[in-house]
Amino acid sequence: MAGLASDGSNPDVSLLYDINGLAKASPPWFDRVMEFVGEYGIMLGLVLVVLWCWWSIRRRGSLGDSVTGLVGLVWAPLAAGIALLVNIPIRGFVERPRPFKDHQGLEVLVAGKTDYSFVSDHATMAMAIAVGVFVASRRFGLAAIGLALAEAFCRVYMGVHYPTDVVGGLALGTAVALLLAPLALALLTPVVSAVARSPRGARLVRSRRAAARAATAGTGAEALGIPEPRHGSGENDLAA
């Protein structure tokens, strides 16, 4: 670690060498696994969490809960896309080279990275999706946030980002997903509600079994805000 001595006063560089040093000490097969996980695997895992969350919210709770949950899930990839667009001028303004261009002795697991380092696109996108899922479901959102943090670690482990690159990505993804959420939810809720009322799109919001169960239990009216009739009121009126 020749670069560590010359950059030991910089905590960002020191932490980079400490985390990336794990790649040097690991067997080659493990590094190949981490390369796939950090580049594609965790993002695929986030997609599976989104699909699992969608499958869950359309089968449980009221119709209103399903609409609210699906709105959050629709917002998740939109937030990721907006965060990546916001990152374009940030990268161009900071113009921070990849760490392996300025520091020797790093174990770089992914070759061919020629763009700028700050802010990490992978960390930004992962956290934006995770926060969007958290808006839809706390339980699935916590799992998605865990995956986003793992993505940030992997990018430093792979030698393609500084720790501050991924911290900045996590912060950017969180900020975009949370700050724009009220506006996004206000715009998306009528759209998802219209889909829920349509004959063909209703199954995207509510499963057939959940809808039938709600109708049988009488909760369908409650979900729409329609009060249930009071049982026995007719007999009381006749007796009066």
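The values are calculated or read from the model by the stated rules, or taken from the named source; none is laboratory data. The shown structure was predicted, so the numbers you read here are calculated from the model rather than taken from an experiment. Neighbour counts run over all protein chains shown; Cβ positions are idealised from the backbone, glycine included.
A few comments on the model shown:
- Residue in segment 95-105 that is assigned to a helix (DSSP H, G or I), of a type outside the set (Asp, Glu) and either buried (at least 17 other Cβ atoms within 10 Å of the Cβ) or touching a residue at least 24 places away in the same chain (Cβ under 8 Å) (or both) present: yes
Residue-by-condition table, conditions (1) modelled with pLDDT under 90; (2) under 22 Å from the mean Cα position of the chain (by Cα):
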position: Leu4; (1), (2): yes, no
position: Ser9; (1), (2): yes, no
position: Ile19; (1), (2): no, no
position: Trp54; (1), (2): yes, yes
position: Ala83; (1), (2): no, yes
